[in-house]
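Engineer: Quick one: structure below, then a few questions.
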Amino acid sequence: KIEREYYRLLKYLQQKGDVLFFLRQVPFHLPAKIKYVLDFMVFYASGDIEMVDVKGRDTALSIAKRKQVEALYPVTIKIVKKIDKSAMKD
């Protein structure tokens, strides 16, 4: 449910022109054939790129994989646990 709401927020920001485009379910390959799948990679009109994982509940395994991704790749993953719906009111 939270991921769906975040998707709707991204579509809204895309219509406004703040977001150019976004990718969903982006895989990061880790050693031992382990894969971490990021929920969204967001490309902003400002030129910024944001890695976003939407979590209702963050498990020890997902935290460990995320730390490994951040250690191996030049990225920082933002965790979203709650959607600010006021951002969609203009």
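The values are calculated or read from the model by the stated rules, or taken from the named source; none is laboratory data. What you see is a predicted model; the values in this text were computed from it and never measured. Note that each Cβ is placed from the backbone with ideal geometry, even for glycine, and that neighbours are counted across all protein chains shown. For the accessible areas, the whole protein counts, side chains as well, though only heavy atoms, and no ligand, DNA or RNA atoms are used. Shrake-Rupley method; radii C 1.70, N 1.55, O 1.52, S 1.80 Å.
Engineer: Give me the angle, in degrees from 0 to 90, between the Cα long axis of helix 2-16 and the longest principal axis of the Cα atoms of the chain, rounded to the nearest 10.
Structural biologist: Taking Cα atoms only, the helix is inclined about 50 degrees.
Engineer: Is the shape of region 1-40 rounded, prolate or oblate, going by the alpha carbon gyration tensor and its root eigenvalues a ≥ b ≥ c, with a/c under 1.5 for rounded and a/b larger than b/c for prolate? Display every interim value, and only then the final one.
Structural biologist: Numbers: a/c = 6.20, a/b = 2.27, b/c = 2.73.
Oblate, because a/c is 1.5 or more while a/b does not exceed b/c.
Engineer: By how many nm would the segment from THR76 to SER46 grow when fully extended, if each residue of separation counts as 0.36 nm and the alpha-carbon distance is taken off? Can you show the working numbers first?
Structural biologist: On the way: separation 30, 0.36 × 30 = 10.80 nm, distance 1.77 nm.
Once the chain is fully extended between THR76 and SER46, it gains 9.0 nm.
Engineer: Computing the accessible area with a 1.4 Å probe over protein heavy atoms, can you report the carbon and sulfur percentage for the chain?
Structural biologist: That share works out to 54 percent.
Engineer: Using a Förster radius of 30 Å, what is the FRET efficiency between PHE21 and SER62 based on their Cβ-Cβ separation? Nearest 0.05, please. Intermediate values should be presented prior to the final figure.
Structural biologist: Values: r = 25 Å, r/R0 = 0.84.
For PHE21 and SER62, the calculated efficiency is 0.75.
Engineer: Using only the Cα atoms of the chain, what are the Rg and Dmax in Å?
Structural biologist: Over the chain's Cα set, Rg and Dmax evaluate to 13.8, 47 Å.
Engineer: How much accessible area per residue does the chain have, in Å², with a 1.4 Å probe? Walk me through the intermediate numbers first.
Structural biologist: Values: 6020 Å² over 90 residues.
The answer is 67 Å² per residue.
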